[in-house]
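> Here it is, the structure in full.
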Amino acid sequence: MYCGSCLRDNALASTLLARGHDVVLAPVYTPTLTDERNVSQGKVFFGGISVYLEEHVPLFRHTPWMLDRVWDWGPLLKFASKRQIKVDPAFLGGMTVSMLQGAKGHQAKEVDKLLHWLRHEPAFDAISLPFTLLIGLAKPLREALNVPIVCTLQGEDLFLENLHEPWKSQALDLIRRQIGGVDLFFPVSEYYRTFMGGYLGIPDEKMRVVPLGISLGGYGSHAAHGEQDPAVHARTVGFFGRIAPEKGLHVLVEAYHLLKQKTAMPLRLVAGGYLGPEHQGYYEGVRTRVRELGLEGEFTYAGSVDRARKQSLLRSFDVMSMPATYDEPKGLTLLESMVSGVPVVQPARGSFIEIVEKTGGGLLVAPDDPDALAQGLLQVLTDPSLAATLSERGAMGVRAQYSVDAMADAAEAAYATLNTPPAT
C-alpha cells in the first residue's frame, strides 16, 4: 500500500533534508512504503507484530528487548505487510486506546525503547508526530527530552469514526485530554484546521496549516487531451485512490452509467489504487453492479501501481473523479491528476473545495449525487475549450501552490513559530 500520509511525510522530510536541515524520519508499526526515494531510517519503532502481541498476550509485555528483535526485524515486518493483514479500525479499538495511553498502555515497553534510542541521538529541536493517534507519546517525549512536540493532522477522524464503542469514545476522550501536551498542530488543509478545531477541541492559535505538496518529477507541465476524434476513440473517465467505500468508486460507477445515457461518444471507465483485504467484498460489489449495468466491457481495474505507472495511468485519463462520500481532508489524488493536465470533477466537500478553487483545475458538483457528477463529467468531455482551460489552470495551480517546496516553505515557517509566543 502506498499510504498517502507516508508519501506526504517522506516528501516533506526529503525536501527539508535537501535544504540542509537535519531530519530523521522514523517509521512506526511497519517500514514506510513510498513511490519515491525513501529517506526514512531502517529501524522501526512500535513494530506492528510487537504491538499486537503486547496487546493480546500479557507475556510479551515483559519479554527481553533482545528477544523482541526477532519480530521487530524489518524484513519480517515487510513480509507481514505483504500478507495483507487487515487494518480495519472496527477490529483495532483496544489497541488504539492502549497506544493512546502511552507509557501507561500495554505497549509501555515500546515507549521505553523509543526513549532509549532518542536519548542517544543528537538533541532535536522538535519532534513531530504524524497524527493524533500517537498523541500518547507527547508527554513521555517532552518529559524525557524537554523539546517542543508538534503533531500533523491528516485524516485520522475517518479511522476514529469507524472504531466500535466503547473504544471510539475512549479514544476521543484520551486524545482531547492530551491536546495541551502538543505545542503546535499542522493540519494539511484549511478545511481540516476548522474541522479538527471543533472535533478535538484544538485551539485555533495552536494550528498552522502545512498544505500538501507533491514532488513534480515525472509529471509533464501539460498533458494533451481530447486531440483524438471522440467519435472514434473512447474517452477515459478515471478514478484513482484506495478502493474503499469512503472513496466513492461505487458513486462514480452510477455516474458513469448516467453519463452513458447523456452522450453517444465512446467511453471507458478506468480505476487504479490499492485494494486492501478488508475491502475485497466492497470491490466485488462494485464489479457486480458494473455487470448489472451492462458495463463489463468498459470497466478496467488497473490495480495498485508504482510512481511511473501511476503517472502513465493518470495521463491516460481525459477526466478524473474520486467522489468521496466523506469530507476528505487531503486530496492528494486531485493534485497528481491536475499536475498531469487532467481536469477533475469532485463533490463540493472537505478539502476538495479549497483545492479546486485555489488551482482552478476542475469542477465542483453536489456531493453524493451521481446525476450531478455525470453532468459535470459531461461538461468536461464535450467542451474542449473548458477541458483545455481546466487542464492548464490545474497544472499551473498545483505547481504554484502544492509543490513540495511550497509545503516545505509552510513547514519551515510553522516550525519557526515554536519559539515565538502566540499573539494575544
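> Measure up 168/247; 139/330; 139/358; 113/310; 109/247; 139/247 against 31 Å on the Cα-Cα distance and list the ones that go over.
139/358; 113/310; 109/247; 139/247
> Still on this model: Assuming a ≥ b ≥ c are the square roots of the Cα gyration tensor eigenvalues, decide whether the range 343-424 counts as rounded (a/c under 1.5), prolate (otherwise, with a/b larger than b/c) or oblate.
oblate
> Which ³J(HN,Hα) values in Hz, rounded to whole numbers, follow from the phi angles of the range 4-21 under the Karplus curve 6.51 cos²θ - 1.76 cosθ + 1.60, where θ = phi - 60° and Gly and Pro get x?
Working through the residues one at a time gives x, 5, 5, 4, 5, 5, 5, 5, 5, 4, 4, 5, 5, 4, 5, 8, x, 7 Hz.
> Taking θ = phi - 60°, what integer Hz values does the Karplus form 6.51 cos²θ - 1.76 cosθ + 1.60 yield along the range 174-186, in sequence order, with x for Gly and Pro?
5, 5, 4, 6, 10, 4, x, x, 10, 6, 9, 10, 10
> By how many nm would the segment from residue 246 to residue 348 grow when fully extended, if each residue of separation counts as 0.36 nm and the alpha-carbon distance is taken off?
Extra length available between residue 246 and residue 348 comes to 35.2 nm.
> Further, regarding this structure: Amide H neighbours of residue 319 under 5 Å, at least 5 residues apart or on other chains, H built in the peptide plane: list them.
Close amide H contacts, sequence-distant or interchain: 236, 238.
> Per-residue counts of other Cβ atoms within 10 Å, averaged by peptide: what ranking do you get for 342-348, 377-383, highest first?
Descending mean neighbour count gives 342-348, 377-383.
> Turning to a different aspect of this structure: For volume of the Cα convex hull per residue in Å³, one of (i) 161; (ii) 152; (iii) 140 was computed from the structure I shared and the rest are decoys. Which label?
Read-out taken from this structure: (iii).
> Kindly provide the helix-only [θ] at 222 nm of the chain, computed as the sum of -39,500 (n - 2.57) over DSSP H runs of four or more divided by all residues, to the nearest 500 deg cm²/dmol?
Roughly -13500 deg cm²/dmol at 222 nm, from the helical runs in the chain.
> With a cut-off of at most 15 other beta carbons within 10 Å, and DSSP calling the residue loop, which trypsin sites (Lys or Arg not before Pro) in the range 1-66 qualify? Please list them.
19, 37, 43
> Continuing with the same structure: Considering only 144, 244, 374, give the residue with the highest GNM mean-square fluctuation for the chain, with springs between Cα atoms whenever their separation is below 10 Å.
Most flexible of the set in this elastic network: 144.
> Moving on. So, with +1 on the Cβ of K and R and -1 on the Cβ of D and E, and no other charges, what is the size of the charge dipole of the range 235-402 about its Cα centre, to the nearest 20 debye?
Using Cβ point charges on Lys, Arg, Asp and Glu, the range 235-402 gives about 500 debye.
> Is the range 226-353 rounded, prolate or oblate when judged by the Cα gyration tensor, a ≥ b ≥ c being the square roots of its eigenvalues, rounded requiring a/c under 1.5 and prolate requiring a/b larger than b/c?
rounded
> Using the alpha-carbon atoms, what tilt in degrees (0 to 90, nearest 10) does helix 404-416 show relative to the longest principal axis of the chain?
Helix 404-416 and the main axis of the chain meet at about 30 degrees.
> Amide H neighbours of residue 363 under 5 Å, counting only residues 5+ apart in sequence or on other chains, H built in-plane at 1.01 Å?
344, 345, 346
> Assuming R0 = 51 Å, what is the FRET efficiency of residue 56 and residue 19, from their Cβ-Cβ distance, to the nearest 0.05?
Taking R0 as 51 Å, the efficiency between residue 56 and residue 19 is 0.75.
> May I ask for the distance between the Cα centers of the range 168-220 and the range 336-394, given as a whole number of Å?
Cα centroid to Cα centroid, the span is 26 Å.
> Taking the Cα atoms only, what angle lies between the long axis of helix 108-119 and the longest principal axis of the chain, rounded to 10 degrees?
90
> For a quick check, take a GNM of the chain with Cα springs below 10 Å and name the residue from 370, 89, 64 with the largest mean-square fluctuation.
Looking only at 370, 89, 64, the largest GNM fluctuation is found for 64.
> Let me make sure I get this right: for the range 4-206, a, b and c are the square roots of the gyration tensor eigenvalues over alpha carbons, sorted descending. Under 1.5 in a/c it's rounded, otherwise prolate if a/b > b/c, else oblate. Which is it?
Note, shape of the range 4-206 comes out rounded.
> Residue 261 to residue 417: extension gain in nm, 0.36 nm per residue of separation minus the Cα-Cα distance?
Full extension of this stretch gives 50.7 nm more.
> Would you pull out the residues with amide H under 5 Å of residue 154's amide H, same chain only if 5 or more places away, H placed 1.01 Å from N?
Amide H to amide H, under 5 Å and 5 or more residues apart or across chains, residue 154 pairs with 132.
> How far is helix 280-292 tilted off the main Cα axis of the chain, in degrees rounded to 10, range 0 to 90?
10
> Given a 10 angstrom Cα cut-off, can you work out which residue in 349, 176, 315 is the most mobile in a GNM of the chain?
Fluctuation is largest for 176.
> Report relative contact order for the range 235-402 in percent, whole number only (criteria: Cα-Cα under 8 Å, sequence separation at least 6).
26
> For the range 1-65 and the range 109-144, write down the distance between their C-alpha centroids in whole Å.
The two parts, judged by their Cα centres, are 13 Å apart.
> While we're here: For the range 304-316, in order, what is each residue's ³J(HN,Hα) by Karplus, 6.51 cos²θ - 1.76 cosθ + 1.60 with θ = phi - 60°, in whole Hz (x at glycine and Pro)?
Ordered by residue, 3J(HN,Hα) equals 7, 10, 7, 4, 5, 5, 4, 5, 5, 5, 4, 5, 7 Hz.
Rule-based calculations on the coordinates, nothing more; no lab input. Everything numeric in this text was worked out from a predicted model, so none of it was measured. Note that each Cβ is placed from the backbone with ideal geometry, even for glycine, and that neighbours are counted across all protein chains shown.
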